[in-house]
Amino acid sequence: MDIAEHIRRIPDFPKPGILFYDISTLLAHNQAWQHTVDLLAVATRPHRPDLLVGIESRGFLVAAPLALKLGCGFMMVRKQGKLPGETLSYTYDLEYGTDTVEIQADAITPGQRVILLDDLLATGGTAAAAIKLLRQAGAEVCSATFIIELDGLGGRDEMAQLDVPVTSLLQFDA
């Protein structure tokens with residue numbers, strides 16, 4: 001099954017000149033979504049993760065069902081101010097300003113093997129911030145896995161600078 005056929009492309013969203021890859025149509029198709037989770041399981045199982053980490057918000061949709069399939073834990077990386085209790089945060093630069101991601105302070109046991117998941121890798125800025133935060137908490141980040149990777153935007157290079165291998169199921173030109 002070609003899962004690319006189940007990903008809708010929306011031009012000029014969220015702003016003119018951007019081609020948005022919408023996984024909503026993939027999620028809505030039971031067989032295509034099951035096949036996607038199966039492919040992700042094949043890609044992630046060799047890393048023997050203790051915990052799968054999803055980046056807000058579509059990364060939650062990717063990591064949570066995969067964690068169930070692999071029999072490991074799931075945790076969230078969220079935008080600042082969205083998690084209850086004590087948190088750890090990491091602030092990173094954007095093209096025009098900064099952003100902050102957080103995890104719950106007790107979410108990681110030092111030495112845990114984690115895999116970062118999201119629906120799409122573009123520039124890699126948010127994924128890199130999440131990896132730095134996870135490492136700050138003591139995690140061993142084994143890989144970063146994505147459904148879609150946009151070639152030419154530098155995301156894979158950003159992950160390579162952090163010495164984190166990347167797996168993507170689909171690659172499209174940016």
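The values are calculated or read from the model by the stated rules, or taken from the named source; none is laboratory data. Note that the coordinates shown come from a computational prediction; the quantities given were computed from them, not determined experimentally. FYI the Cβ positions are ideal-geometry reconstructions off the backbone, even for glycines, and counts take in every protein chain you see. When the accessible area is computed, the model is the full protein with side chains, heavy atoms only, and any ligands, DNA or RNA have been set aside. Shrake-Rupley method; radii C 1.70, N 1.55, O 1.52, S 1.80 Å.
Listing for the model above:
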item	result
Of all residues making up region 144-163, the number that are open to solvent by less than 10 Å² (accessible area, probe 1.4 Å) and either of a type in the set (V, I, T) or at positive phi (or both)	3
Total residues in region 26-49, condition open to solvent by 70 Å² or more (accessible area, probe 1.4 Å) and either touching a strand residue (DSSP E or B) at 6+ places or on another chain (Cβ under 9 Å) or over 23 Å from A122 (Cα atoms) (or both)	7
Residues of region 84-102 that turn out to be part of a loop (DSSP other than H, G, I, E, B) and open to solvent by 80 Å² or more (accessible area, probe 1.4 Å), as a count	4
Filter result (surrounded by 19 or more Cβ atoms within 10 Å (Cβ to Cβ), outside any strand (DSSP E or B) and among the aliphatic types (A, V, I, L, M)) within region 104-136	A107, I108, A122, A127, A128, A129, A130, I131, L133, L134
Some residue of region 142-161 being β-branched (V, I, T) and over 17 Å from the mean Cα position of the chain (by Cα)	no
So F60, is it more than 13 Å from F146 (Cα to Cα) and of a type outside the set (K, R)	no
Region 164-174 - residue that is of a type in the set (A, V, I, L, M) and part of a loop (DSSP other than H, G, I, E, B) and, of those, least open to solvent (accessible area, probe 1.4 Å)	V164
Test: residue in region 66-83 that is open to solvent by less than 10 Å² (accessible area, probe 1.4 Å), more than 16 Å from T167 (Cα to Cα), in contact (Cβ under 8 Å) with a residue 12 or more places away in the chain and touching a strand residue (DSSP E or B) at 6+ places or on another chain (Cβ under 7 Å)	yes
